[in-house]
Every structure is written in C-alpha cells, then in structure tokens.
Amino acid sequence: MKKMLIAATLLMVGLSSCRDFLELYPQHQISTGSFFKNQNDFEKALVGIYSNIRGLYSNSAVQYVAELNTDNAEIQWSSPTTDEMQLDQNGLTSTNGIVSGMWSTCLSTISKSNTLLNRIDKVEFDQATKDKIIGETKFLRALSYFYLVRLFGNVPITDQEFTSPGQIAASDLSLKPKEEVYKIIIADLQSAESLLPAALNTDKTRASRSTVKALLGKVYLTLQQYQPAADKLKEVIDANRYSLAPAYKTLFSSGNNNLAESMLEIQYTTNRNLGNNYSAVFTPAITSMAIFPNNLQGSGRIVPTLNLINTYEAGDDRKTVSVSDSVRLINGRKSYSRYGLKFVDFNAIALSDGGVTFTVLRYADVLLMYAEALNELGKTAEALPYLNQVRKRAKLPELANLSQQQFRTAMEKERQLEFFLEGHRWFDLVRTGRAREVLNAHYASQKLNFSVEDFELLFPIPQNEVDLNSTVKQNPGY
C-alpha cells in the first residue's frame, strides 16, 4: 500500500506501471510541485478525482462485488476468469483482481483528495468557490472510505500528502478500526454539508448538499443509528428538490442524464473511449443474437438468476425494464437466455463503450432508507407511505397493516427489485444481518455447493498490500 500511496499522491493523473511509480512525465502527468497555483488548477484536480472514482462504475466493479456475489446474479458464459468465478461462488482469495481494483481505486481517490485538501488553503481565490471544491472533495473521500470500510472492515486512514519514500516509511499506514473509519466518513460528510451551497446542482455528475445528506443518511443507517438516519433523510425529502421519475424505464435507458430522481450519476459518452461496459457484461454470450447493431455478442458475465426473475410480483412494471428471459436471434427466432436490461446501450457499436448514464444515488433510495429507519424506530405505520410511493411507481398495490418484521421482509424484497444491477444487494444484506441466511438458502435451493461463512462478510485485504506493508494484517479466515 505504501507503494500505491506514493504513486497516487505524486501523480495527479494515471500511472503507467508499478516499476516507474516515481517517474514524472510532464506531457501526461502533473507534478504537485508545479501545479495548484490558482483556482483553475484546483477545479481541474477535482475533475480528476471525480474521474478517478468513475473507475468503480465504468467497468462494472461495483456490480461484481455487490451483485454477482449475491442471489441477484450469476455468470452465464463458458470462459469466466478466476476472479469472476470466485465472486460468483463466494470463494474469494486475497489475489482477486476485481477486489484489489476496488481497494486501489478507493485508496487512490482518497490520496488524490488529500493532495487537494492539503494545498487549497495556501492559495487565495474566491471563498465560495473554494468551499464548494473542498465540500465536493470531502464527499468523494467519504464515499471512497465508505466502500472500503463496508467491504474490508479495518482499513488505513491518512490525511497526509507524501512527497518522498522516507515520509511514507515514517507514517502509520496500518489498518485502523472500522469505528475510526466511520468517524472520518461522518466528519467529512458533515463538513461537506456545511460547505456546499443549498442550491441544487443541475449537473448531477457533481455532488450537491442533498447528495451529501443522502449519503450521510446511508452511513447512519449502516451503523444502525436510526434516528440520525431518519432525521438526515427527512431533510432531503422535505427540501422537495427531487421526485420519482414517472416511468421507471427512463432511469436506465439512453437520455437518462440529470433526471429529477438522480442525485449523483456517472455520465458516459460513446465513440470516445468514455463509455461503460454494461452492454457487454449484462447481455448473453450468444453469437447469433440480433439485439445490437452488427449483431454484436455480449459476454453473460453478470446476468439475473432465475430466483431473481421469479421474485417479481405479477404486474411489477420494473420487471420488463430490468430483465429479459429471451433473446432475438438473427434468424428471427427467440432463444431462452436471461439477461439484464438496465443501463444497456442497445445502440452501441462497441459493447464496452456504452453511453447510458449510471446513477450512483437516486431519490428512491432516500425514500426506502427513510422508511427502513422509521420501521426500526418502531414507526411502521409512518414508514409504509414511503415504501408505497416506490411500489406505486412500479404499478403495484400498496401494502398495509404490516408488523415490524413483515415490513423488514417487504423492504428487503423491494430494495432487491428496485435496485437490481445498481450495486446495492450485498451491502443491503450485510447491513441488515441477512447475508448468510439469504445467500446460503439461495445456494441450497440451486443445489450448489457454495456457502457464506461469517468471516466472508468481509473481503480479503489484497495480498500485494499485505506483502508491501508489514503492518497490514490479513482479515481473519483468508
């Protein structure tokens, strides 16, 4: 990790290889020694941090770690990688490249954030603009720590900017208790909330004050601090700045930028190497299918399970938007094959360069999280209308007269179907303490010899980090 941190802090733009992590290439990379001289430099650096965290979503990393390793999805092609099979079978090892990628992306985002934050007060420019840059940067740092702590538990904490190997060697980069990590997350989000303007961003690729509130509510919910969660999420609702999209389909198809429901999104552009790979990963590996221009073939790497498809209630408007169980062939016939429809760009001429926007946070999540918090506070009757708002949009009947436990069961199902392929399922099941029971029951129903043990509720620390830093100890069980 020390080698990774020096690379991320010395360079503001990508790294070509591990061997040359100390070399600076002015034509491609920016040295902090000659940068950060004015407002424009900090605005460019912030865009770079947003670009860095974009890597969690562009290549389906979040879907791999939060969908493929659950009852939501499975692999349906003949030549999966070892990394993919480990996630599909809940058999992770410390050398899994997808897991290592999540770790590295989050830590490099944190490191780049530290570089900006440690330098911005030394440069004079408009204070309102400076506050906004600081607020957005702290939000991105908090989001990165939030992914890390939920996946790995104890993780390194640092707010330092490293400029030499000696500084790194002298620093404490051991794993810190998750309680300390959550304190950092909450502090960053509270600071960001106070710094960002009250006005709603029309550009949903940038965090606004309400985005910060929504993430802070999710953090409190994860910590089972239900009253603070309810209070913060209600602030978002009462601000009346977001609303559910009338048609669920509009959230996941071309032209879905900056919708009223979106709170934070990753926008993509095709034909410029700025797209996502969802069209390849979520669709079948069938050579003769005719659903894309030029009859392109998907890869079937993350597709819905039969259990997921069968979970939809009759009349649920989300089903035909989210999943399909048949594919049109070039001979005009249809073949049975399950695949996901969300975020798939059916006009893509390169399936790893799709242009449909991915939504990281949206208002439906706020409504359901608020309902969950109310129910856990014993206010089930008050919680039901918020759950029913989401069901109504899905063309489903309202639920009524539920006990607290019945509400929990209904909420688990609602979140599973509402957010399929959006990277929530694993985190939801772990947060509610239901991961082992639900996933092991799923494996048993499929007669699969897989299981989730207690230690597997945390992912393994990447082995290269353990090898590079003697103070980093592997999570138990790995």
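Do the conditions hold for residue 447, that is, is it part of a loop (DSSP other than H, G, I, E, B) and either under 25 Å from the mean Cα position of the chain (by Cα) or among the basic types (Lys, Arg) (or both)? The answer is yes for residue 447. When residue 91 is tested against the conditions (1) in contact (Cβ under 8 Å) with a residue 12 or more places away in the chain; (2) more than 19 Å from residue 360 (Cα to Cα); (3) part of a helix (DSSP H, G or I); (4) not aromatic (Phe, Trp, Tyr), the lone failure is (3). Taking every residue in region 111-126 that is in the same structural domain as residue 49 (by TED's automatic domain parsing) and more than 20 Å from residue 196 (Cβ to Cβ) and pairing it with any residue that is buried (at least 20 other Cβ atoms within 10 Å of the Cβ) and among the small types (Gly, Ala, Ser), at least 6 positions away or on another chain, the pairs with Cβ-Cβ distances below 7 Å are 111/8. Would you mention how many residues in region 190-221 are more than 26 Å from residue 269 (Cα to Cα), at pLDDT 95 or above and surrounded by fewer than 20 Cβ atoms within 10 Å (Cβ to Cβ)? So the count comes out to 4.
Restricted to region 334-439, the set of helices (runs of 4 or more DSSP H) holding at least 2 residues that are touching a His at 6+ places or on another chain (Cβ under 6 Å) and at pLDDT 95 or above is empty.
The set of residues from region 202-221 being farther than 15 Å from residue 366 by Cβ and touching a residue at least 60 places away in the same chain (Cβ under 8 Å) comprises 205, 206. The residue pairs whose first member lies in region 300-315 and is under 15 Å from residue 281 (Cβ atoms) and not assigned by TED's automatic domain parsing to the domain that holds residue 278, whose second member is modelled with pLDDT of 95 or more and among the polar types (S, T, N, Q), and whose beta carbons are closer than 7 Å, counting only pairs six or more residues apart or on different chains, do not exist in this structure. Please enumerate the residues belonging to region 187-201 that are in contact (Cβ under 8 Å) with a residue 12 or more places away in the chain and either in contact with a strand residue (DSSP E or B) (Cβ under 7 Å, 6 or more places away or on another chain) or not in a helix (DSSP H, G or I) (or both). Residues satisfying the conditions are 196, 197, 200. Once region 42-87 is narrowed to residues that are without any contact (Cβ under 8 Å) to a residue 24 or more places away in the chain and more than 21 Å from residue 476 (Cα to Cα), the residue that is nearest to the chain's Cα centre (by Cα) is 51.
The one condition from (1) over 24 Å from residue 322 (Cα atoms); (2) surrounded by fewer than 18 Cβ atoms within 10 Å (Cβ to Cβ); (3) of a type outside the set (S, T, N, Q) that residue 85 does not meet is (1). Quick one: count up the residues across region 223-236 that are under 22 Å from the mean Cα position of the chain (by Cα), assigned to a helix (DSSP H, G or I) and over 17 Å from residue 379 (Cα atoms). The number of residues fulfilling the criteria is 1.
I'd like to check something: does region 263-284 contain any residue that is among the aromatic types (Phe, Trp, Tyr), in a helix (DSSP H, G or I) and surrounded by 14 or more Cβ atoms within 10 Å (Cβ to Cβ)? Yes; the residues of region 263-284 include at least one that is among the aromatic types (Phe, Trp, Tyr), in a helix (DSSP H, G or I) and surrounded by 14 or more Cβ atoms within 10 Å (Cβ to Cβ). Scan region 243-253 and give yes if some residue there is β-branched (Val, Ile, Thr), part of a helix (DSSP H, G or I) and over 28 Å from residue 202 (Cα atoms), otherwise no. Scanning region 243-253, I find no residue that is β-branched (Val, Ile, Thr), part of a helix (DSSP H, G or I) and over 28 Å from residue 202 (Cα atoms), so the answer is no.
Out of everything in region 465-474 that is part of a helix (DSSP H, G or I) and more than 23 Å from the chain's Cα centre (by Cα), what residue ends up being surrounded by the most Cβ atoms within 10 Å (Cβ to Cβ)? Only one residue tops the list, namely 466.
What pairs come up if the first residue lies in region 222-247 and is outside the structural domain of residue 185 (by TED's automatic domain parsing) and on the phi < 0 side of the Ramachandran plot, the second is in a loop (DSSP other than H, G, I, E, B) and crowded, with 17+ Cβ neighbours inside 10 Å, and their beta carbons are under 8 Å apart, counting only those six or more places apart or on different chains? Final answer for the pair search is 236/242; 242/261; 243/261; 244/261; 245/259; 245/261. Residue 290: among the aliphatic types (A, V, I, L, M) and either touching a helix residue (DSSP H, G or I) at 6+ places or on another chain (Cβ under 8 Å) or surrounded by 22 or more Cβ atoms within 10 Å (Cβ to Cβ) (or both), yes or no? So residue 290 fails the test.
The values are calculated or read from the model by the stated rules, or taken from the named source; none is laboratory data. This structure is a prediction, so every number in the text was calculated from the model and none was measured. Cβ atoms come from the backbone with ideal geometry, glycine included; neighbour counts cover every protein chain shown.
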